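Data first, discussion second: the structure below is written as structure tokens.
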Amino acid sequence: MFLSIIRSSFVVLLGLALINPVGESIKSTRASQHAAVQVASQTADAQDEPQTAAAQDEPQTTTAKDEPQTTTAQDEPQTAAPLFSFSVMSDVHILSSDSASQRLLRQALADHHELRPDSKLLVLNGDLTNGSESDYRSLLTLLSRQPHAPVQATMGNHDYYGVWRKPDGTMDYTKMNSSWSSANAVALFDRMMGYDKPYHELVVEGYRFLFLSGEAYRDVDASINEDAYLSPAQLSWLRERLTAAGSADAGKPVFVFLHQPLPRTLDGTDLELGVVQHQELRAILDAHPNVILFSGHTHWNVETTNQVKQLKFLAASSASIREVWSAQNEPETKSLSQSLVVDVYPKRVVILRREHTEKRWIEPSIAKGYDVK
């Protein structure tokens, strides 16, 4: 399955110096050609590379002619298997009382497992639940009953929503529950997901994964709204881990995950602040062009809006499993469920967008080249 996918996929390579956005829209076509957009500094165009077969079930690649490229497609066989793959989902919004959220996650898990049965990691990038222990238990029960890669998770704003829950279990978004707090929400997340704090590091096949989470909600400071509050300790930790990665791993990509996106980056990110400490976070990431920052939160459709953009680092959104929204910032009129598959090669990373309700790839896929030397 994978080899035919690569041959048929259309890949766009993103170069380290690329400053133009790569439009992202998510509709995955299971048997469609997957177009991958190449944005990497490049010395050869896509036409210069022979294509051994047109894979009709996987995306194709296109190159950006105006971008110099240090990693060319010829450097790696297009039919070679990746070093490893991982999946990125966000906004699964599992509620113990919501059968639709559970059905959509089961559907996405089955699709990912069929596409990449040997995947090394499944990232649930925030808004796992609506903040109750019963929601977390429903999520963990669901995960225990289906095959999937090992799970890592971050907290989203909805994971703090226990503060809006009344004693009878119903929600009242006009009045906070004085018996619940941000500290309770973080402790619940850590306990249910098996962490000692809401941010952590993982190394997979020699590649670094850094998971960030907002650490406070409106009960601590009303001005936080639905944004991610990153403590000085977390930002210091991130800076130190990225510096260590730069020293030890040179040109290797580093995968960073935060539920809320940085403001004024991807489409839909100009509607709210997203991250309270956005200027400091942006400065940290700008110093590390090998970072790929994955986010969710907006739910915006990766097929019809721009949800991948080359900044000084690369930013990408995974839309939503539970409910995809349009550029009008409203739910799509038809049911969609979208996420990402990421294939890691020695000199490039390919981001493939997937639509699960129709089991199809969304074109094009995005390839980011790296100079590992």
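Taking a ≥ b ≥ c as the square roots of the Cα gyration tensor eigenvalues, with a/c under 1.5 meaning rounded and otherwise prolate when a/b beats b/c, else oblate, which class fits region 237-370?
Working: a/c = 2.56, a/b = 1.42, b/c = 1.80.
Since a/c reaches 1.5 but b/c is at least a/b, the shape of region 237-370 is classed as oblate.
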With a point put 7 Å past each Cα toward its Cβ, work out how far A283 is from K197 in nm, to one decimal. 2.1
Using alpha-carbon positions, what is the distance between the centroids of region 195-220 and region 155-180, in Å? 23
So if I take the centroid of the Cα atoms in region 328-352 and the same for region 284-320, what is the distance between those two points in Å? 10
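Which whole-number percent is the relative contact order of region 196-277 (Cα, under 8 Å, 6+ apart)? Write out the running numbers ahead of the final one.
Numbers: 106 pairs, mean separation 25.5, N = 82.
Value for region 196-277: 31 percent.
Of all the accessible heavy-atom surface of region 242-316, with the other protein chains kept in place and a 1.4 Å probe, what percent is carbon and sulfur? Intermediate results must be reported in sequence, preceding the final value.
On the way: 1170 of 2380 Å².
Carbon and sulfur together cover 49 percent of it.
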Spin-label pair S247/S144, simplified geometry with 7 Å Cα→Cβ offset, distance in nm: 4.3
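Determine the gain in length on full extension of the stretch R137-S99; use 0.36 nm per residue of separation and subtract their C-alpha separation, reporting nm with one decimal. Please report the intermediate quantities before stating the final value.
On the way: separation 38, 0.36 × 38 = 13.68 nm, distance 1.39 nm.
Separation in residues times 0.36 nm, less the Cα-Cα distance, equals 12.3 nm.
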Two decimals is fine: what's Rg over Rh for region 181-233, C-alpha atoms, Kirkwood radius as Rh? 1.05
Under 8 Å for C-alpha pairs, at least 6 residues apart: give me the relative contact order for region 263-373, rounded to a whole percent. 18
Which of K312/K359; K120/K334; K252/K309; K120/K166; K120/K309 have a Cα-Cα distance over 29 Å? K312/K359; K120/K334; K120/K166
Using a simple spin-label model with points 7 Å from Cα along the Cα→Cβ vector, what separation in nm is obtained for A81 and T333? 4.4
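The values are calculated or read from the model by the stated rules, or taken from the named source; none is laboratory data. Here the structure is a predicted model, which is why all the values come from computation and not from measurement. Every residue, glycine as well, gets a Cβ built from its backbone with ideal geometry; the counts of neighbours run over all protein chains shown. The protein model used for the area step is the full one, side chains on, heavy atoms only, and it has no ligands, DNA or RNA in it. Shrake-Rupley method; radii C 1.70, N 1.55, O 1.52, S 1.80 Å.
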